[in-house]
Amino acid sequence: MSRCFYDPTFVGFFITETSERNNELLRTYNMNYALQKTLELLLIIGLGLLLQKKVAKEDLKGIKTLILSVALPATIFVALLKIELKGSLLVFPLMALVFNFIMAIATKYLLASSLPNNEGAKKRTLTMLLPSLAPGLSCFPFIIVYLGDEYLALAALADVGNKIFVLILLYMLGMHWYHARAVKDLVATTSSKLKGLFVSMLNEPINLVIIVAMVLLGFGLTLSSFPEFLENTIVKMSLIMTPLVLLFIGMAVRIKFREFGFIFSLLMRRAGITFLLSAIFVFLFPALAAPMILFVVVFPQSACSFWPFAHMSAVSTLEEKDEQKKPTFDINFAVNILACSMPFSTILIISIFSFSEFFVNPVVLVVTGITMVAITYIPYLITKLKRSNKSEEVVNYNTFFGINTNAHSSENH
């Protein structure tokens, strides 16, 4: 008769080893899944790059209208009707609005300060653009692919706070600067333009979709409450968003390299500051799940919004009528920033999702943020060192040859 001996140490070791092996397999699966999704997205963007020569700039406007008026509203509508409406969800637009304000302060003291004092137009341009976010084209497609519909709905809610900042507050800031520097006083047109701005907000399909979806959720209705043909139509329209946006990114990328180095440095510093802000949030709330941490990291890395550019263009039109010789904003500089911001944010967001295991660690976020900010200051340090070395060489040269500049100056007096 054989006896069976129970060894608790061995069993415990076996269970621990098995769980560790399962965790390792899960991590490998997640990395492979992220890599596969990344390659799929990059391939579609590559197709867009190949189509650049066949697509005119006027055609791109039509594609952008299709995205912002059909595909993206349908996707947000579907995502919003899948969530459970809670009062706690209001924290997301509030967080986005707070982020906008913090970035506006950071832009003034850490980003725009890189420019000389006589570059006021460029500094004001940066203050308008860099705190703004355009998640619809640069972030939403990747959130729905990597995190799913639930987090896309949260991103849409967060974008409400961002839109309040971008559409209303930045417009008011731009008009304030215009009137402070205006040759002619046009206060009456400002009130009419502000009313027109609110009307345009209500006419924008994305805003209407969010309002309608929130009202339906308030009455307890979901997507399944719709007739089947209408539900299927909305879902099919939402399915075209991701490939359409990625093709648009590939076709729209046209970067002018004259100011590329400086703009790239600004965008990197902006991203570094954003990583640090995300790290602070994760440290304050350590119980956040990994998908929520990725959401907090990725959403504020969205590209700069087009709306501030629209406000600046409106100001520029007014100044042309006023015959203003010194414009409030540098429109060409703004175009170059927007052209660089979209591909920069796209590559950064794809990289974050591809290496998601690293970026859920707040320590990694801090190190990444500090590194990116520090790298952007290296050219300025090198320039200062060169200037100081040149001044030292001049002093040594004068000393070697016995030139006394003070004596010359005293003789002249």
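Rule-based calculations on the coordinates, nothing more; no lab input. Computed from a prediction, not measured in an experiment: that's the story for all the values here. Glycine also receives a Cβ, built like all others from the backbone with ideal geometry; neighbour counts cover every protein chain displayed.
The trypsin sites (Lys or Arg not before Pro) found in the range 257-356 that occupy coil by DSSP, while having at most 11 further C-beta atoms within 10 Å, are 258, 325. The equivalent ellipsoid that matches the C-alpha gyration tensor of the range 29-382 spans semi-axes of 31, 26, 21 angstrom, in descending order.
Take the Cα of residue 211, step 7 Å toward its Cβ, do the same at residue 283, and the gap between the two points is 4.1 nm. Packing, taken as the mean count of other beta carbons within 10 Å per residue, orders the peptides 158-170, 88-100 from highest to lowest as 158-170, 88-100. Report, in listed order, any pair from 57/122; 57/321; 53/321; 325/384; 54/123; 123/321 with a Cα-Cα distance greater than 29 Å. Beyond 29 Å: 53/321; 325/384; 54/123. The listed peptides 118-128, 297-307, ordered by packing as a protection proxy, come out as 297-307, 118-128 (highest mean of other Cβ atoms within 10 Å first). Taking 7 Å steps out from each Cα toward its Cβ at residue 377 and residue 260 produces label points 2.7 nm apart. Packing order of peptides 102-113, 140-151, highest average first: 140-151, 102-113 (average count of other Cβ atoms within 10 Å over each peptide's residues).
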